[in-house]
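The values are calculated or read from the model by the stated rules, or taken from the named source; none is laboratory data. Everything numeric in this text was worked out from a predicted model, so none of it was measured. A quick note on method: Cβ atoms are made from the backbone with ideal geometry, for glycine too, and the neighbour counts reach across all protein chains shown. To get the accessible areas, we keep the full protein, side chains included, count just its heavy atoms, and leave off ligands, DNA and RNA. Shrake-Rupley method; radii C 1.70, N 1.55, O 1.52, S 1.80 Å.
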Amino acid sequence: MTQTKFLLDEEEIPKAWYNIQADLPTPLDPPIKPNGEPIKPEDLAPIFPMELIKQEVSTERWIPIPEEVRDIYRLWRPTPLYRATRLEKLLKTPAKIYYKWEGVSPPGSHKPNTAVAQAYYNKKEGVERITTETGAGQWGSALAFGTLLFDLKCMIYMVKVSYEQKPYRRILMESWGAKCIPSPSERTKFGKAMLKKDPKCPGSLGIAISEAIEDAATHEDTKYSLGSVLNYVLLHQTVNGLECKKQFELAGDYPDVMFGCVGGGSNFAGACYPFVGDKLKGKKPDLRVVACEPKACPTLTKGPYMYDHGDTAKMTPLLMMYTLGHEFVPPPIHAGGLRYHGDAPSMCKLVKEGVMEAVAYHQNEVFKAALTFAKAEGFIIAPETAHCVKATIDEALRCKKTGEEKVIFFANSGHGHFDLGAYDAYLHGKLIDYEYSPKLVKEALAKVPKVKPKIK
Ligand SMILES: *Cc1c(COP(=O)(O)O)cnc(C)c1O
């Protein structure tokens, strides 16, 4: 019988994270201010702890995972690598399909890999309280969990429509001791101004980010935390890809093609960068690494490569990335975690240089794939993750036609137990496929400042 799960012992949780910046053929373009000047570490110190700012710009290949963080990782790590034999049978494909399952963490996704690390560094530097924003609540619940373990206060600004429509993740946050309030709120100047303009304002991620940053910047004991896009977030997520490499050794295989869903890029980077490092070093030059995104928010497949703000409110520096414009508001697809106008700069650079590729899908085909997966393997996965399951099934069916015995991998980033409403909409034919609007993207791109970095 074919082995189904490849498991590691707790002692095999990696002792260091892998930093892709050490192996990029050319360095990343620096984050800049609107006047073109590169950002200095001091500029970020009011909102981030120093150790994370150092990690953000580090080019060291290995960054040690603190023992306290590894100890907490033991609660759910190492996570299993599965061979999806039942899905292979259902599809009648000669390909081998593997997936790494991050849905076993307490919040149900990959996100605590960085939430726990960020809480640790903040605690170590004497921070008492952390703020963040959350849309549907995936990141907010991960940070609530992380701060709980280090006895920190946690303040979460949740986009008001989600707060009202999706109570379950709020309840999760509150169960772990965090304070979660609808944004815009009366707690910040920015929130008050928004409410004055429109008392019924439904909120947006951009507004919530502005409130969370303002809160952190105006409280001595408080810092701000971000759950994707930044280099150090991707770094923390590599604990997953490093485990995965060991597990592929146990399986006696190595992926030919890797798929992952991409919102800001953190789960996929975490799963694939250790393998991308091999590719960059010439160890597996023909490895295909494919980022999967929604057609409703096609950052990598349709956006231009340019400097843009990381958030709608222009609070963050300008980052070199593929972008649909920081003012672009994606249609309300159910994969809320993939509704982001940009992507992590390192991943954008790898796509730009042809090391990685990107594809985009509509949500109906994506949910169809998720149900095929559920029929074969049982797990109800997150709508985000379903994007790379669609790519996996397509590739497996292509292999069936050609008879290729390819090794296919996908990053299974989380479960969909709080997204059953979306499954319900699909099952009852109520899910809309939103066409990407070149007109709206063009309008949003017109708002992106035209800047070039000033060379020092
Ligand atoms: C948040 C989330 C994503 C998207 O974020 P990335 O930073 O691109 O990984 C994907 N899958 C799940 C389950 C998520 O919770």
With +1 on each Lys and Arg Cβ and -1 on each Asp and Glu Cβ, and nothing else charged, work out how big the dipole of the chain is about its Cα centre, in Debye to the nearest 20.
920 debye
Quick one: if the Förster radius is 51 Å, what FRET efficiency do Lys54 and Glu249 give, using the C-beta to C-beta distance and rounding to 0.05?
0.95
Tell me, what is the 1.4 Å probe accessible area of Met173, in Å² to the nearest 10?
0 Å²
Rounded tilt (10° steps) of 112-124 against the dominant C-alpha axis of the chain:
40 degrees
Which value at 222 nm does the chain reach when only helices count, each DSSP H run of 4 or more adding -39,500 (n - 2.57), with the total divided by all residues and rounded to the nearest 500 deg cm²/dmol?
-12500 deg cm²/dmol
From the P(r) of the range 17-98, could you give the percentage of C-alpha pairs in the tail past 15 Å?
75 percent
How much accessible surface does His334 have with a 1.4 Å probe, in Å² rounded to 10?
60 Å²
Using only alpha carbon pairs under 8 Å that are at least six residues apart, calculate the relative contact order of the chain and give it in whole percent.
20 percent
Modelled label-to-label distance, Glu220 and Lys454, 7 Å Cα→beta-carbon offset: nm?
3.4 nm
With every protein chain kept in the model, how would you rank Lys349, Lys196, Lys368, Lys442 by accessible area, 1.4 Å probe, largest at the top?
Lys196, Lys442, Lys368, Lys349
Please work out how much length the chain gains when fully extended from Thr4 to Leu75, using 0.36 nm per residue of separation minus the C-alpha to C-alpha distance, in nm with one decimal.
23.4 nm
Accessible area, 1.4 Å probe, largest first: how do Arg170, Arg187 sort?
Arg187, Arg170
Assuming a ≥ b ≥ c are the square roots of the Cα gyration tensor eigenvalues, decide whether the range 315-449 counts as rounded (a/c under 1.5), prolate (otherwise, with a/b larger than b/c) or oblate.
oblate
Of Val57, Val355, Val104, which has the most accessible area with a 1.4 Å probe, and how do the rest follow in descending order?
Val57, Val104, Val355
The range 168-235, Rg to Rh (Cα coordinates; Rh as Kirkwood inverse mean 1/r):
1.01
Asp433 to Glu174: extension gain in nm, 0.36 nm per residue of separation minus the Cα-Cα distance?
89.9 nm
At a Förster radius of 56 Å, what calculated FRET efficiency corresponds to the Cβ-Cβ distance of Glu443 and Lys124, to the nearest 0.05?
0.80
Using 7 Å Cα-to-Cβ label points, what is the Lys284/Ala45 separation (nm, one decimal)?
4.2 nm
Looking at the square roots a ≥ b ≥ c of the eigenvalues of the Cα gyration tensor of the range 285-338, which shape do they give, rounded for a/c under 1.5, prolate if a/b is larger than b/c, or oblate?
oblate
With a ≥ b ≥ c taken as the square roots of the eigenvalues of the C-alpha gyration tensor of the range 306-369, please select rounded if a/c is under 1.5 and otherwise prolate if a/b is larger than b/c or oblate if it is not?
oblate
List the GluC sites (Glu not before Pro) in the range 93-196 that DSSP assigns to loop (not H, G, I, E or B) and whose Cβ has at most 11 other Cβ atoms within 10 Å. Which are they?
Glu186
Just to confirm my numbers, what's the Cα centroid distance between the range 181-205 and the range 343-370 in Å?
33 Å
Toy charge model, Lys and Arg Cβ at +1, Asp and Glu Cβ at -1: the range 153-213 dipole around Cα centroid in debye, rounded to 20, equals 100 debye
Where the chain is the region considered: accessible area per residue in Å², 1.4 Å probe:
41 Å²
Determine the relative contact order of the range 358-422: mean sequence separation of Cα pairs under 8 Å and six or more apart, normalised by residue count, in whole percent.
36 percent
Taking all pairs of distinct Cα atoms, average 1/r, flip it, and tell me the Kirkwood hydrodynamic radius of the chain in Å to one decimal place.
22.0 Å
